[in-house]
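The values are calculated or read from the model by the stated rules, or taken from the named source; none is laboratory data. Keep in mind that this is a model prediction, so the values were computed, not measured. No Cβ is skipped: glycine too gets one built from the backbone with ideal geometry, and neighbour counts run over all protein chains shown.
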Amino acid sequence: MAWLRGERWWAWNMRHASKEHMRRVQGLGCVICRLVGLGPTPAQVHHCFDTSDRDDFLTIPLCPEHHQGQTGFHGLGERRFNAQYKTSERRLLAMTLRLLQEQ
Ligand SMILES: [Zn+2]
Ligand SMILES: [Zn+2]
């Protein structure tokens, strides 16, 4: 992007890198569906540790049900979600990064 310079170029580049990363994460398919043996199903991107300093590089793919549904992260709440699937955002994030590495 020759027409962008300095800080603006850096900001554009970071946004582009975020989008590209999230596209790859989404492309993996739902990590919970994988865990429970349903295979990779079409996913949305979930931001882990979703606070004011959330980061697009700390994201995992979850299908609509396992994301916002009644059996999902936001439906169950973090504690019950972790208990139900015997996992955690940390573990799912590590799993996501491993899967990306294997691609
Ligand atoms: Zn799922
Ligand atoms: Zn989410």
Residue that is out of contact with any helix residue (DSSP H, G or I) (no Cβ under 8 Å at 6 or more places or on another chain) and modelled with pLDDT of 90 or more, where the choices are Gly6, Gly37 = Gly37
task = Say whether the condition of being of a type in the set (Asp, Glu) and either modelled with pLDDT of 95 or more or loosely packed, with under 14 Cβ neighbours inside 10 Å (or both) is met by at least one residue in the range 72-91.
result = yes
task = Kindly indicate the residue of the range 32-47 that is among the hydrophobic types (A, V, I, L, M, F, W, C) and surrounded by fewer than 18 Cβ atoms within 10 Å (Cβ to Cβ) and also nearest to ligand 2 (Cβ to nearest atom) among those meeting that condition.
result = Val45
inquiry  = Take the conditions loosely packed, with under 14 Cβ neighbours inside 10 Å and part of a helix (DSSP H, G or I) and apply them to Glu7. Does it pass?
reply    = yes
task = Please work out which one of (1) part of a helix (DSSP H, G or I); (2) buried (at least 16 other Cβ atoms within 10 Å of the Cβ); (3) within 14 Å of ligand 2 (Cβ to nearest atom) is the condition Glu65 fails and give its number.
result = (2)
query = Taking the range 72-85 on its own, how many of its residues are assigned to a loop (DSSP other than H, G, I, E, B) and either away from ligand 2 (no atom under 14 Å from the Cβ) or at positive phi (or both)?
reply = 1
